[in-house]
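Novice: Below is one structure. I have some questions about it.
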């Protein structure tokens, strides 16, 4: 994946709303990105003092333990993981905003609200990548 400034701008605009829910415009053509519709999105929200990009990405990636490649099923939450590794999502843009409170996240104060958008979106009803040697299909 490579960085996309327009995806980062969309991520920042949504993160600034301080809402623990997905951007309602991800599927609206031309609303969130000039090229990609829909966009994929991952959100990490937690205490600002523990936030780092590595913490957020590791949390999403560690959902691999709930994902079975052979059956393409999850035993728990794994949609963040599958979006991160989705082979056809080749652009990413992320942003963090620090919020005093976050809507739909009661009891959390002084939060880091981190959003990543992906283009094109992943998480369609098929496997996120083909099995094989790393980067053999790149």
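The values are calculated or read from the model by the stated rules, or taken from the named source; none is laboratory data. Predicted, not measured: the structure shown is a model, and the values here were computed from it. Using ideal geometry, Cβ is built from the backbone for each residue, glycine included, and neighbour counts are taken over all protein chains shown.
Novice: Looking at this structure, is residue 137 on the phi > 0 side of the Ramachandran plot and modelled with pLDDT under 95? Steps first, please.
Specialist: On the way: on the phi > 0 side of the Ramachandran plot: no; modelled with pLDDT under 95: yes.
In short, no.
Novice: Check region 66-80 and report whether any residue there is without any contact (Cβ under 8 Å) to a residue 12 or more places away in the chain, outside any loop (DSSP other than H, G, I, E, B), surrounded by fewer than 21 Cβ atoms within 10 Å (Cβ to Cβ) and out of contact with any helix residue (DSSP H, G or I) (no Cβ under 6 Å at 6 or more places or on another chain).
Specialist: Initial filter on region 66-80 (without any contact (Cβ under 8 Å) to a residue 12 or more places away in the chain): 68, 70-71, 73-75.
The next check asks that each one be outside any loop (DSSP other than H, G, I, E, B); those that pass are 68, 73-74.
Then keep just the ones that are surrounded by fewer than 21 Cβ atoms within 10 Å (Cβ to Cβ); that gives 68, 73-74.
Those still in the list that are out of contact with any helix residue (DSSP H, G or I) (no Cβ under 6 Å at 6 or more places or on another chain) too: 68, 73.
Yes, the conditions are met somewhere in region 66-80.
Novice: I'd like to check something: does region 117-136 contain any residue that is surrounded by fewer than 19 Cβ atoms within 10 Å (Cβ to Cβ), assigned to a strand (DSSP E or B) and in contact with a strand residue (DSSP E or B) (Cβ under 7 Å, 6 or more places away or on another chain)?
Specialist: No; the residues of region 117-136 include none that is surrounded by fewer than 19 Cβ atoms within 10 Å (Cβ to Cβ), assigned to a strand (DSSP E or B) and in contact with a strand residue (DSSP E or B) (Cβ under 7 Å, 6 or more places away or on another chain).
Novice: Quick one: is residue 105 touching a residue at least 24 places away in the same chain (Cβ under 8 Å), surrounded by 17 or more Cβ atoms within 10 Å (Cβ to Cβ) and within 20 Å of residue 8 (Cβ to Cβ)?
Specialist: Answer is no for this residue.
Novice: Name the single residue, out of those in region 81-95 being touching a residue at least 60 places away in the same chain (Cβ under 8 Å) and surrounded by 18 or more Cβ atoms within 10 Å (Cβ to Cβ), that is nearest to residue 16 (Cα to Cα).
Specialist: 95
Novice: Among 114, 61, 36, 98, which is outside any strand (DSSP E or B), at negative phi and either touching a strand residue (DSSP E or B) at 6+ places or on another chain (Cβ under 8 Å) or modelled with pLDDT under 95 (or both)?
Specialist: Selected residue: 36, the only one of 114, 61, 36, 98 that is outside any strand (DSSP E or B), at negative phi and either touching a strand residue (DSSP E or B) at 6+ places or on another chain (Cβ under 8 Å) or modelled with pLDDT under 95 (or both).
Novice: Quick check, is residue 14 at pLDDT 95 or above, in contact with a helix residue (DSSP H, G or I) (Cβ under 7 Å, 6 or more places away or on another chain), more than 16 Å from residue 122 (Cα to Cα) and buried (at least 17 other Cβ atoms within 10 Å of the Cβ)?
Specialist: no
This table checks each residue for (1) closer than 21 Å to residue 110 by Cβ; (2) assigned to a strand (DSSP E or B).
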residue	(1), (2)
28	no, no
31	no, no
41	no, yes
44	yes, yes
